[in-house]
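Working notes, beginning with the structure itself.
The values are calculated or read from the model by the stated rules, or taken from the named source; none is laboratory data. Values in this document were obtained by computation on a predicted structure and should not be read as measured data. Cβ placement follows ideal geometry from the backbone for every residue including glycine, while neighbour counts extend to all protein chains displayed. Note: areas computed on protein heavy atoms with side chains; ligands, DNA, RNA excluded. Shrake-Rupley method; radii C 1.70, N 1.55, O 1.52, S 1.80 Å.
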Amino acid sequence: MEEHMKKKEQNNGLRMILFYLTCAVVVVIMLFGGLLFTKAHIVSGVTHNNQTELNEAINFHKLNNSVRGQMPGIMDTVKKDPNDIYSSSAIINSNHPNITVTPENVVELMIKTSIAKKDADGSVSFNDFDMSRESLSYSRLSLKFVSKTNKDDWFTTVIAKDGSVLVWKVNAVFLSPSLLDKLLQ
C-alpha cells in the first residue's frame, strides 16, 4: 500500500512538471505567434495596397510620433514672437516638415524612400534588404533592415504588443539619414 502511494506521489509530481512545461510552451507560442500574423498583414497590405491589412499591422498614431521625432528642426529653440501683444502667449512658427503617415499614403512613402518598389505591371514589392534582429523581449521586437545595394540605406522597425497579448503592431520606424533625405524630397 505504501509503495502504491509513493508511485502515485511521483506520478503527480511528474504530471505537474509536464503541465507547467506545456503551459509555458503554449504561452510562448501564443506570444510570438502574433508576430507571424503581423508580418503577413504587412506583406499583404503593402503588396496589395490594402488599407485594412495595414491597419491590422501598424499603429499609425505611434508610428507618426516616431517619424515626426526624426524631422530636422523639430528641436529648434522656440522663440516668442516680438510683435505679440499678449505677454503670456506666443505664436510659434516652426519650419520643420510635417509628414503624416496614413493607411492611404504609407505605400507611396515606402516607394519614395526605396523600401518598396512599384513594378511595371503596377504591383508593389519590397526591395532587397538584409534583416537582422537587434532586440527581442516578451513585448517588443526590434529589426534592422540594411539595403543589399547601398549600406547607407537602412531602417529599424519596432514591433510591440498593442493592447493584447496576441496583437503585435509596428509602433516605430527609424530611418537612416539617406532614407530620411529621400522621404523629405
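Using the structure shown, decide if Ile74 is in a loop (DSSP other than H, G, I, E, B), surrounded by 14 or more Cβ atoms within 10 Å (Cβ to Cβ) and either of a type in the set (Val, Ile, Thr) or at pLDDT 90 or above (or both).
no
Of all residues in segment 142-178, how many are under 10 Å from the mean Cα position of the chain (by Cα) and of a type in the set (S, T, N, Q)?
The total comes to 4.
Given the criteria surrounded by 10 or more Cβ atoms within 10 Å (Cβ to Cβ) and modelled with pLDDT under 90, does Met1 qualify?
So Met1 fails the test.
Give the residue, chosen from Leu31, Leu36, that is aliphatic (A, V, I, L, M), part of a helix (DSSP H, G or I) and in contact (Cβ under 8 Å) with a residue 24 or more places away in the chain.
From the options Leu31, Leu36, the qualifying one is Leu31.
From the set of residues in segment 116-130 that are part of a strand (DSSP E or B) and not acidic (Asp, Glu), which is farthest from Thr157 (Cα to Cα)? Break it down stepwise before answering.
The initial filter retains those residues of segment 116-130 that are part of a strand (DSSP E or B), namely 116-118, 124-126, 129-130.
Adding the requirement that they be not acidic (Asp, Glu) leaves 116-118, 124-126, 129.
Details: Ala116: 15, Lys117: 18, Lys118: 21, Val124: 20, Ser125: 18, Phe126: 15, Phe129: 13 Å.
Result: Lys118.
Output the residue which, of all residues in segment 131-167 that are of a type outside the set (S, T, N, Q), at pLDDT 90 or above and outside any strand (DSSP E or B), is least open to solvent (accessible area, probe 1.4 Å).
Out of the qualifying residues, it is Asp153.
Given (1) open to solvent by 20 Å² or more (accessible area, probe 1.4 Å); (2) closer than 17 Å to Leu63 by Cβ; (3) at pLDDT 90 or above; (4) not β-branched (Val, Ile, Thr), where does Ala116 come up short, assuming only one miss?
Only one criterion in (1) open to solvent by 20 Å² or more (accessible area, probe 1.4 Å); (2) closer than 17 Å to Leu63 by Cβ; (3) at pLDDT 90 or above; (4) not β-branched (Val, Ile, Thr) is unmet by Ala116, namely (1).
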